[in-house]
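The values are calculated or read from the model by the stated rules, or taken from the named source; none is laboratory data. Computed from a predicted structure; not experimentally measured. Reconstructed Cβ throughout: ideal geometry from the backbone, glycine too, with neighbour counts over all protein chains shown.
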Amino acid sequence: MELFAARNVTKQYSNHIALNDVTVSIPEHSIYGLLGPNGAGKTTLIRIINQIMAPDSGELLFNGRKLKSSDIQHIGYMPEERGLYKKMKVGEQAIYMGRLKGLSRADTLKRVKYWFEKFEIYDWLDKKVEELSKGMQQKVQFIITVLHEPMLLIFDEPFSGFDPINTNLLKNEVINLKKRGATIIFSTHNMGSVEELCDHITLIDNAKSIISGAVHEIRQKFKPGIYEIHFEGAPQKLDSFLSSDYEIMDMKETGGGCMARIKMHKASANNELLKILMPHYHITSFTELLPGMNDIFIDLVNEKKGEKDEK
Amino acid sequence: MKSKTSLIVAREYFSRIRKKSFIVMTLLGPVLFAALIIGPAWFATLEDREVRTIAVIDESELFKGQLPETEYLKFTYLEDASVEEIRENFSQTPYYAVLYISHILPHTPSAVQLMSDRQPNLNVRMHISNAIEKEIERQKIKAYDIENLDDILQSIQTSINIRTIVWGDDGADRETHPALAMGTGYIGGFLIYLFIFLFGSQVMRGVIEEKSSRVVEIIISSVRPFQLMIGKIAGIGLVGLTQFLFWVLLTFILVSAGRGLVFSELQVPSSEQVVAEDIISSSSQESSSLLPDSQPISAEQYSEVTQIFASLSTVNFGVMIGAFLFFFLAGYLLYAGLFAAIASAVDNEADTQQFMLPVTIPLILSIFVMMNAIQNPESALAFWFSIIPFTSPVIMMVRIPFGVPYWEVILSMVLLIVTFILITWMAGKIYRTGILMYGKKPNYKELWKWLTYNN
């Protein structure tokens, strides 16, 4: 079931189109990656989900019905440009933000205490934000985002500015939140974290959604048909066994055996290649190489750019 | 949703009144105001404590021993000395200045020179010039050979104090104190101007702070931009009210305390023959009769001061404070919306300049018109500027102590309220688009687009 959906959303600013007929469907209890180069329209989409602005046309659904203004208390948002009141005490600020999301004073206090203890920053409650390091501010920002236990969490570039330890802490927290039933949207350029965390993605470029779907399906779809094979036997003969449908990309000897990368030109089952090789070699490993999200992202964006240039 | 706005109001309010600068200003403001009220009177009681000796070279030989001395101003009459001689080693002489009176004096007013190695004190100059004038007048009158001249001169000394009465429609007469009305109007009008600027720019800085620290994006994912703007304006307005009420309270306390302290020895009988020896440097009784200039004038000033204090109780402070509260609030709300809209359009305070000018012009204009309205509260200029909403808070405040017809006040108030609602609505439209725009410095055309933009 989907928690949030935007259907055919279009948003136009005075001199350019920020979103052009974009449709996304965000399944419940999943981590959803919103990818795209700078200026593609991700932030506009996020602002529309947050009801900071309204789309010119299109439909927004939350939990199976039309998105309403009271739904904002079920949404938590951490913008890319982190923002806190610099002169305000951390604790007061967290309570203020929690209450703005509709929590009662007592609830907010309890939860602030819980999170600050969990992140081992309880001593900072009375410090002003400007006294904290950037990493500390990020933690506070994260707490503020999740304080009201929203059903939908939106993180815009969540890992920028975090050191590796805090990045890890944050990743674990995000996974925990997902386990506890939250749905999470990541808007990011960090493809590593997309592969690691996201279940689904939408790639937005130039105001349009170019691709959308489950991460593993997309990687399957864009796989170039290259296999990495480790084997024992005479490597020089390999070429003679293969038909013209196959091409050896590269080959090298490894300790005690060989490694070859073979590209399959014609789509056929993996077993076909294995069948050809099995009589001649002792195969120790056979892997189909899947493309990284990074490559898919770059390929797709460049492809679109090429199309546009041709026009 | 209502309660969220009140959360914002509370944050804006408490984060400001807890600031050191607010507490300092709240405590210091009344001291400054009290000083403004008591200060001039108090300074008048102060004297110049430096004893100055002036060398007199009197070629006319009319003034020897005739120039009235005071405790702090002495004259030494030099015989057979020349200006050049003294000038040569002036710094070694004990003299403050050299007064040179040429022998052609009675016929040529420019025949007197006061010379020194520094700029002579204005009071010293005035004292000498008065003394010489009176002395020459006296000698000229003397030349008429009138009997009992000194007695006559003494008996013709007069002091006038004009009372102003305004006839009320109901036949009741009301005694007014134009100086007091001017003072109250000036203070009221100026305070409104000050408060609008002070708290309007706080709104501006607050909006810019939220925008540049990007907190705004988090807040408006919880509340509507308009709620945030209204909450901020209301919170800061309450800070202004709090400050004002504290100021009124503390000023009253300070002024009453100050009146008790400074003027206790001046609570003199109200008879017209006031000789205020505290105020004037003690000159001999004899010379004072010859110099009607200094004493009676000072006595008049003095009695005016006491009169103002006496008549302060005649001012309708209830009406004044009520009017102030209304015109401060409405004027502040009118301008605060504009300040918020400007702030939302820019990324930092430096960029506000180009938009600030058209907003501040009516405010600054009202200060200029205020000067005129104080002199002439019934003039057409004062009337129109007290009706036009952008200047009415200041100008109407100036006029009210003089008495303004009810219909004018009501018209002015209604127009002000309507305009502020309109402005706030427009500001809200600019604000909600502006706070999300970064990087580009907008122009007026852009602002207009935001205004008409349907979000």
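In table form, for the structure just shown:
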| quantity | calculated |
| --- | --- |
| Single match in A:Ile276, A:Ile229 (criterion: outside the structural domain of A:Asn206 (by TED's automatic domain parsing), in contact (Cβ under 8 Å) with a residue 12 or more places away in the chain, assigned to a strand (DSSP E or B) and surrounded by 12 or more Cβ atoms within 10 Å (Cβ to Cβ)) | A:Ile229 |
| Members of region B:80-98 found to be within 21 Å of B:Leu62 (Cα to Cα) and out of contact with any strand residue (DSSP E or B) (no Cβ under 9 Å at 6 or more places or on another chain), listed by number | B:Asp80 |
| Filter pass, B:Thr70 being outside the structural domain of B:Phe190 (by TED's automatic domain parsing) and modelled with pLDDT under 75 | no |
| So A:Leu147, is it at pLDDT 90 or above, within 30 Å of A:Ser25 (Cβ to Cβ) and more than 17 Å from the chain's Cα centre (by Cα) | yes |
| Test: residue in region A:105-116 that is of a type in the set (Ser, Thr, Tyr) and farther than 25 Å from B:Phe226 by Cβ | yes |
| Every residue from region B:58-67 that is at pLDDT 80 or above and under 22 Å from B:Leu122 (Cβ atoms) | B:Leu67 |
| Tally of residues being buried (at least 17 other Cβ atoms within 10 Å of the Cβ) and either in contact (Cβ under 8 Å) with a residue 40 or more places away in the chain or of a type in the set (D, E, K, R) (or both) across region A:153-168 | 6 |
| Cβ-Cβ under 6 Å pairs, at least 6 apart or on other chains, region B:331-353 side within 10 Å of B:Tyr431 (Cα to Cα), far side part of a helix (DSSP H, G or I) and aromatic (Phe, Trp, Tyr) | B:Ala340/B:Tyr431; B:Ala341/B:Tyr431; B:Ile342/B:Phe355; B:Ser344/B:Tyr431 |
| Filtered residues of region A:124-174 (kept if within 21 Å of A:Asp107 (Cβ to Cβ) and among the charged types (D, E, K, R)) | A:Asp126, A:Lys139, A:Glu149, A:Glu173 |
| Any hit, region A:129-141, residues being assigned by TED's automatic domain parsing to the domain that holds A:Ser30, under 24 Å from A:Met1 (Cα atoms) and β-branched (Val, Ile, Thr) | no |
| Subset of region A:279-309 (residues that are modelled with pLDDT under 80 and either touching a helix residue (DSSP H, G or I) at 6+ places or on another chain (Cβ under 8 Å) or surrounded by 14 or more Cβ atoms within 10 Å (Cβ to Cβ) (or both)) | A:Lys304 |
| Filtered residues of region B:14-35 (kept if assigned to a helix (DSSP H, G or I) and without any contact (Cβ under 8 Å) to a residue 40 or more places away in the chain) | B:Phe14, B:Ser15, B:Lys20, B:Ser21, B:Ile23, B:Val24, B:Leu28, B:Leu32, B:Ala35 |
| Spans of helices (runs of 4 or more DSSP H) in region A:56-153 with at least 3 residues more than 14 Å from chain B (Cβ to nearest Cβ) | A:105-118, A:134-146 |
| Criterion: outside any helix (DSSP H, G or I), among the hydrophobic types (A, V, I, L, M, F, W, C) and in contact with a Pro (Cβ under 9 Å, 6 or more places away or on another chain) - qualifying residue of A:Phe162, A:Phe186 | A:Phe186 |
| Wholly enclosed strands (runs of 3 or more DSSP E) of region B:53-147 bearing at least 2 residues of a type in the set (Val, Ile, Thr) and surrounded by 12 or more Cβ atoms within 10 Å (Cβ to Cβ) | B:97-101 |
| Hits in region A:9-25 - residues which are buried (at least 22 other Cβ atoms within 10 Å of the Cβ) and away from chain B (no Cβ under 14 Å) | A:Val9, A:Leu19, A:Val22 |
| Any chance B:Ala380 is out of contact with any Ser or Thr (no Cβ under 6 Å at 6 or more places or on another chain), buried (at least 19 other Cβ atoms within 10 Å of the Cβ) and more than 14 Å from every other protein chain (Cβ to nearest Cβ) | no |
| Residue within region A:249-271 that is surrounded by fewer than 17 Cβ atoms within 10 Å (Cβ to Cβ), of a type outside the set (S, T, N, Q) and assigned to a helix (DSSP H, G or I) present | no |
| Condition check for A:Asp126: in contact with a strand residue (DSSP E or B) (Cβ under 6 Å, 6 or more places away or on another chain) and more than 30 Å from A:Val215 (Cα to Cα) | yes |
| Selection from region A:114-136 of residues that are of a type outside the set (Asp, Glu) and either touching a residue at least 60 places away in the same chain (Cβ under 8 Å) or out of contact with any Gly (no Cβ under 9 Å at 6 or more places or on another chain) (or both) | A:Tyr114, A:Trp115, A:Lys118, A:Phe119, A:Ile121, A:Tyr122, A:Lys128, A:Val129, A:Leu132, A:Ser133, A:Met136 |
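Each row is one residue, and each column tells you yes or no for (1) touching a helix residue (DSSP H, G or I) at 6+ places or on another chain (Cβ under 7 Å); (2) at pLDDT below 90; (3) of a type in the set (D, E, K, R); (4) in the same structural domain as A:Ser187 (by TED's automatic domain parsing).
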{"site": "A:Val9", "(1), (2), (3), (4)": "yes, no, no, yes"}
{"site": "A:Ala18", "(1), (2), (3), (4)": "yes, yes, no, yes"}
{"site": "A:Val22", "(1), (2), (3), (4)": "yes, no, no, yes"}
{"site": "A:Pro27", "(1), (2), (3), (4)": "no, no, no, yes"}
{"site": "A:Ser30", "(1), (2), (3), (4)": "no, no, no, yes"}
{"site": "A:Gly33", "(1), (2), (3), (4)": "yes, no, no, yes"}
{"site": "A:Leu45", "(1), (2), (3), (4)": "no, no, no, yes"}
{"site": "A:Gln51", "(1), (2), (3), (4)": "yes, yes, no, yes"}
